[in-house]
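Visitor: Just passing along the structure, written as structure tokens.
The values are calculated or read from the model by the stated rules, or taken from the named source; none is laboratory data. Since the structure is predicted, the reported quantities are computational estimates derived from the model, not experimental observations. When we count neighbours, we look across all protein chains shown, and the Cβ atoms used for this are built from the backbone with ideal geometry, even at glycine. Areas reflect the complete protein model, heavy atoms only, side chains present, ligands, DNA and RNA absent. Shrake-Rupley method; radii C 1.70, N 1.55, O 1.52, S 1.80 Å.
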Amino acid sequence: EGATILVKLHQFDQDDTEPKVIDTLNTAWRPGLVEGLTVMPLHDFKGEHVGLVKWAPHTQFQPHQHWGGEEIFVLEGTFYDEHGSYPKGSWLRSPHLSRHAPFTKEDGALIYVKVGHL
């Protein structure tokens, strides 16, 4: 069937050399900060945090600011905020101190998130 991949070059600090392998199909999800969110941390290094976030349908997150910026890649469903809608395959890059109030509608979403690196 083929595959779609996201290639992000130069995404790690030069001192970040520890190999990581995570079986995301068999790793437990943790409760998120609001009802309807579950989180799977993937990597942390010097203030950078990477993870998967599963959004149930009709989930609303509080307005927040991104210290160090944020990147999101939408893996499934549709992710929304007051700036627009982002279906599967969308990539968002928000600068340091950017703000938004994200939410989902009927299809929920699964997103890859990296924060603290911009």
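Visitor: Kindly provide the set of residues from segment 89-117 that are touching a Phe, Trp or Tyr at 6+ places or on another chain (Cβ under 9 Å) and open to solvent by 70 Å² or more (accessible area, probe 1.4 Å), ordered by number.
Guide: Across segment 89-117, the qualifying residues are 91, 96, 97, 105.
Visitor: Looking at (1) touching an Asp or Glu at 6+ places or on another chain (Cβ under 8 Å); (2) without any contact (Cβ under 8 Å) to a residue 24 or more places away in the chain; (3) open to solvent by 60 Å² or more (accessible area, probe 1.4 Å), can you tell me which one residue 10 breaks?
Guide: Condition not satisfied by residue 10: (1).
Visitor: Could you tell me which residue of segment 36-50 is surrounded by the fewest Cβ atoms within 10 Å (Cβ to Cβ), considering only residues that are farther than 15 Å from residue 26 by Cα and within 10 Å of the chain's Cα centre (by Cα)?
Guide: Start the filter on segment 36-50 by keeping residues that are farther than 15 Å from residue 26 by Cα, which leaves 36-37, 43-50.
Adding the requirement that they be within 10 Å of the chain's Cα centre (by Cα) leaves 49-50.
Numbers: 49: 16, 50: 19.
Per the stated criteria, the residue is 49.
Visitor: Another question, then. Among residues belonging to segment 64-81 that are open to solvent by 70 Å² or more (accessible area, probe 1.4 Å) and at pLDDT below 95, point out the one that is nearest to residue 36 (Cα to Cα). Quick ask: steps written out before the conclusion?
Guide: Within segment 64-81, the first condition is being open to solvent by 70 Å² or more (accessible area, probe 1.4 Å), and the residues that meet it are 65, 67, 76.
With at pLDDT below 95 added as a condition, the list becomes 65, 67.
On the way: 65: 20, 67: 23 Å.
Filtering first and then ranking leaves 65.
Visitor: Going by what's in this entry, would residue 106 be described as more than 20 Å from residue 13 (Cα to Cα) and in contact with a Leu (Cβ under 8 Å, 6 or more places away or on another chain)?
Guide: Against the criterion (more than 20 Å from residue 13 (Cα to Cα) and in contact with a Leu (Cβ under 8 Å, 6 or more places away or on another chain)), residue 106 does not qualify.
Table: residues versus (1) over 26 Å from residue 5 (Cβ atoms); (2) aliphatic (A, V, I, L, M); (3) in contact (Cβ under 8 Å) with a residue 24 or more places away in the chain.
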residue: 22; (1), (2), (3): no, yes, no
residue: 31; (1), (2), (3): yes, no, no
residue: 48; (1), (2), (3): no, no, yes
residue: 61; (1), (2), (3): yes, no, yes
residue: 70; (1), (2), (3): no, no, yes
residue: 93; (1), (2), (3): no, no, yes
residue: 104; (1), (2), (3): no, no, yes
residue: 112; (1), (2), (3): no, no, yes
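Visitor: Sort out for me the strands (runs of 3 or more DSSP E) sitting completely within segment 1-80 that have 1 or more residues that are under 22 Å from residue 92 (Cβ atoms) and among the basic types (Lys, Arg). Let's see the steps before the verdict.
Guide: Working: elements: 37-45, 48-55, 64-66.
Qualifying strands (runs of 3 or more DSSP E): 48-55.
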